[in-house]
Amino acid sequence: MVSVKTVAVLGGTGNLGPSIVHELLSAGFTVTGLTRFSSTNSTPAYPDSVTVHKVDFGSFDSLKDAFSGQDAVVSVVGSPGVSAQRLAVDAAIAAGVKRFIPSEFGVNTRKVRDRPMGAILRGKVEVVDYLIEREREIEWTGVSTGLFFDWGLEKHGLSTINLDDKTSSIVDSGNEKFQVSTLAQVGRAVVGVLKHLEETRNRYLVTSSFQVSQNEIIQAVEELTGEKYPVVKRERAEDLQRAGEEKLAVGDYRAFIDFLRAYNNADGAGNAVGEEESSNGLVGLEEEDLRECVRGWLVRAGVIS
Ligand SMILES: NC(=O)c1ccc[n+]([C@@H]2O[C@H](COP(=O)([O-])OP(=O)(O)OC[C@H]3O[C@@H](n4cnc5c(N)ncnc54)[C@H](OP(=O)(O)O)[C@@H]3O)[C@@H](O)[C@H]2O)c1
C-alpha cells in the first residue's frame with residue numbers, strides 16, 4: 001500500500017477520540033466520523049470539517065457502507081463497544097479497507113492476556129487475535145499507550161495527587177516507573193502508524209510520552225507549586241492485586257482499577273517501557289516533558305498561573 005488518505009474513526013466522540021481526530025486532521029487526512037444511531041452524545045463532538053455518518057454497530061451492511069472508500073479505520077470505541085469491533089473488521093475487509101487500528105490505547109493486552117487483568121480485557125485481546133487471523137485480508141496495527149497522563153491527572157490525580165487537600169498517596173515505595181501518554185501523544189501515535197505503513201504492518205506497538213513514577217509526579221507538583229504534598233496514604237500492591245482478584249471472582253469488573261494500579265506501581269513490576277521495546281522511534285514520536293505536562297494540568301486546574 002502506498003499511502004492512506006481517508007480515515008474513518010469509530011467512536012471518536014468520547015474521552016480519547018477528539019484528540020485522535022484533531023491529530024489526524026492536523027496531519028492532512030480526510031476524516032469521516034462514525035457514530036451510532038443509538039448514540040446519546042448530545043453535543044456535536046466532531047469538528048465541522050469531519051463528515052459524520054450514523055451507523056448501526058450491529059449491522060454488517062451498515063458498517064460496510066460506512067467504510068466504503070476509506071483507506072483506514074481507527075476504532076476508539078469505549079469498553080461496551082469493544083466486542084462489536086469483530087463485525088467492524090469483517091465489514092472493513094468487505095469494503096476493501098487497508099489498515100485497521102483497533103481500540104487498544106492502554107496496557108499492553110498482549111502481555112497481560114493470561115493474567116487476571118487479562119480476563120477483563122478479553123474483548124480487546126480477542127479482536128487483536130481476530131485481526132491476526134485475518135491479516136492476509138486486512139492489515140492491522142495495535143497501539144498500547146499506557147495510562148492517559150493528562151486525562152488521568154484531571155480525573156483523579158492519577159490516584160497519586162489530591163489537589164483539594166494538598167496530599168498524595170502512593171503504592172509500595174512510589175518509585176516504580178510506568179508507561180504513560182498524553183491524549184495528544186496517542187493521537188500522534190495513530191498518525192505515526194498511518195504515515196509509516198510498511199514498518200507498522202500487522203504489529204502490536206508500544207508507545208508513550210514518557211515513563212514516570214508516583215514519586216516523580218509528587219516531586220513535580222511540589223516544585224511547581226512550591227508547596228508540600230505529604231504522603232497520607234500508602235497501599236501495598238499485593239493488597240490491591242488480592243482485592244482485584246476477590247472482585248473478579250464475583251464478577252465485579254471494578255477489579256480492573258486494582259489490577260492496573262498494582263501492574264503500574266508495584267515495586268519491581270518492570271512494566272515501564274524500555275528503549276528496546278518502545279515503538280516511539282518507529283512512528284516518529286518524541287518523548288514529552290513530565291514537568292511541562294504537570295504544569296499544564298496545574299494551570300488548567302487553576303492551582304498555578
Ligand atoms: N489508557 C488509559 O488511561 C485509558 C483511559 C480511558 C480509555 N482508554 C481506552 O481508550 C479507548 C477509548 O476509550 P474512551 O474512554 O475514549 O471511550 P468512551 O468515551 O467510553 O467511548 C467512546 C465512544 O465509543 C462509542 N461507544 C460507546 N458505547 C458503544 C457501544 N456499545 N458500541 C459501540 N460504540 C460505543 C461512543 O461513540 P458514539 O456515541 O459516537 O457512537 C463513545 O463516544 C478504549 O480502548 C479505552 O479502553 C484508555
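The values are calculated or read from the model by the stated rules, or taken from the named source; none is laboratory data. Computed from a prediction, not measured in an experiment: that's the story for all the values here. Reconstructed Cβ throughout: ideal geometry from the backbone, glycine too, with neighbour counts over all protein chains shown. Protein only, heavy atoms only, side chains kept; ligands, DNA and RNA dropped before computing areas. Shrake-Rupley method; radii C 1.70, N 1.55, O 1.52, S 1.80 Å.
Within segment 210-228, is even one residue closer than 27 Å to Val128 by Cβ and either open to solvent by 10 Å² or more (accessible area, probe 1.4 Å) or in a loop (DSSP other than H, G, I, E, B) (or both)?
Within segment 210-228 (the criterion being closer than 27 Å to Val128 by Cβ and either open to solvent by 10 Å² or more (accessible area, probe 1.4 Å) or in a loop (DSSP other than H, G, I, E, B) (or both)), the answer is yes, since at least one residue qualifies.
Among what's in segment 229-249 and is among the basic types (Lys, Arg) and open to solvent by 80 Å² or more (accessible area, probe 1.4 Å), pick the residue that is farthest from Phe148 (Cα to Cα).
Taking segment 229-249 as the starting set, the residues that turn out to be among the basic types (Lys, Arg) are 233-234, 236, 242, 247.
When the remaining residues are screened for being open to solvent by 80 Å² or more (accessible area, probe 1.4 Å), the result is 233-234, 236, 242.
Numbers: Lys233: 23, Arg234: 23, Arg236: 23, Arg242: 25 Å.
Only one residue tops the list, namely Arg242.
What pairs can you find where one residue is in segment 143-154 and on the phi > 0 side of the Ramachandran plot, the other is not charged (D, E, K, R), and their Cβ atoms are less than 6 Å apart, with a gap of 6+ or different chains?
Gly146/Gln179; Gly146/Val180; Gly146/Ser181; Gly146/Ser208
Would segment 177-197 turn up any residue that is part of a loop (DSSP other than H, G, I, E, B), away from the ligand (no atom under 11 Å from the Cβ), open to solvent by less than 10 Å² (accessible area, probe 1.4 Å) and in contact with a helix residue (DSSP H, G or I) (Cβ under 7 Å, 6 or more places away or on another chain)?
Keep residues of segment 177-197 that are part of a loop (DSSP other than H, G, I, E, B), which gives 182, 196.
Cutting the leftovers down to away from the ligand (no atom under 11 Å from the Cβ) gives us 196.
Add one more test, that the residue is open to solvent by less than 10 Å² (accessible area, probe 1.4 Å), and what stays is none.
Among the residues of segment 177-197, not one is part of a loop (DSSP other than H, G, I, E, B), away from the ligand (no atom under 11 Å from the Cβ), open to solvent by less than 10 Å² (accessible area, probe 1.4 Å) and in contact with a helix residue (DSSP H, G or I) (Cβ under 7 Å, 6 or more places away or on another chain), which makes the answer no.
Residues to consider are Gly284, Gly274; find the one that is in a loop (DSSP other than H, G, I, E, B) and touching a residue at least 60 places away in the same chain (Cβ under 8 Å).
Selected residue: Gly284, the only one of Gly284, Gly274 that is in a loop (DSSP other than H, G, I, E, B) and touching a residue at least 60 places away in the same chain (Cβ under 8 Å).
Go through (1) closer than 30 Å to Asp114 by Cβ; (2) β-branched (Val, Ile, Thr); (3) touching an Asp or Glu at 6+ places or on another chain (Cβ under 8 Å) one by one and return the number of the condition Thr200 breaks.
Only one criterion in (1) closer than 30 Å to Asp114 by Cβ; (2) β-branched (Val, Ile, Thr); (3) touching an Asp or Glu at 6+ places or on another chain (Cβ under 8 Å) is unmet by Thr200, namely (3).
Out of the residues in segment 112-146 meeting the condition of being open to solvent by 50 Å² or more (accessible area, probe 1.4 Å) and not in a helix (DSSP H, G or I), tell me which one is nearest to Phe256 (Cα to Cα).
Filtering segment 112-146 for residues that are open to solvent by 50 Å² or more (accessible area, probe 1.4 Å) and not in a helix (DSSP H, G or I), the one nearest to Phe256 (Cα to Cα) comes out as Arg115.
Do you know which residues across segment 89-108 are within 9 Å of the ligand (Cβ to nearest atom) and of a type outside the set (Val, Ile, Thr)?
Once the filter is applied, which keeps residues that are within 9 Å of the ligand (Cβ to nearest atom) and of a type outside the set (Val, Ile, Thr), segment 89-108 yields Pro102, Ser103, Glu104, Phe105, Gly106.
Looking at segment 262-271, which of its residues are crowded, with 18+ Cβ neighbours inside 10 Å and either without any contact (Cβ under 8 Å) to a residue 40 or more places away in the chain or assigned to a loop (DSSP other than H, G, I, E, B) (or both)? So that I can check it myself, show each step before the final result.
Here is the first cut: in segment 262-271, the ones crowded, with 18+ Cβ neighbours inside 10 Å are 262-266, 271.
Hits for segment 262-271 are Ala266, Asn271.
Go through segment 19-41 and count every residue that is free of Cβ contacts under 8 Å to residues at least 60 places away in the same chain, closer than 23 Å to Trp151 by Cβ and near the ligand (Cβ under 10 Å from one of its atoms).
The number of residues fulfilling the criteria is 7.
Can you tell me which condition Asp258 does not meet? The list is (1) free of Cβ contacts under 8 Å to residues at least 40 places away in the same chain; (2) open to solvent by less than 30 Å² (accessible area, probe 1.4 Å); (3) touching a strand residue (DSSP E or B) at 6+ places or on another chain (Cβ under 9 Å), and all the others hold.
Unmet for Asp258, out of (1) free of Cβ contacts under 8 Å to residues at least 40 places away in the same chain; (2) open to solvent by less than 30 Å² (accessible area, probe 1.4 Å); (3) touching a strand residue (DSSP E or B) at 6+ places or on another chain (Cβ under 9 Å): (3).
Assess whether Gly174 counts as being in a strand (DSSP E or B), touching a Lys or Arg at 6+ places or on another chain (Cβ under 9 Å) and either of a type outside the set (A, V, I, L, M) or open to solvent by 20 Å² or more (accessible area, probe 1.4 Å) (or both). Steps first, please.
On the way: in a strand (DSSP E or B): no; touching a Lys or Arg at 6+ places or on another chain (Cβ under 9 Å): yes; either of a type outside the set (A, V, I, L, M) or open to solvent by 20 Å² or more (accessible area, probe 1.4 Å) (or both): yes.
When the stated conditions are applied, Gly174 does not pass them.
Restricting attention to segment 176-212, which residues are out of contact with any Leu (no Cβ under 8 Å at 6 or more places or on another chain) and without any contact (Cβ under 8 Å) to a residue 40 or more places away in the chain?
Glu198
Take the residues in segment 59-86 that are touching a helix residue (DSSP H, G or I) at 6+ places or on another chain (Cβ under 8 Å) and at pLDDT below 95; name whichever of them is farthest from the ligand (Cβ to nearest atom).
Ser83
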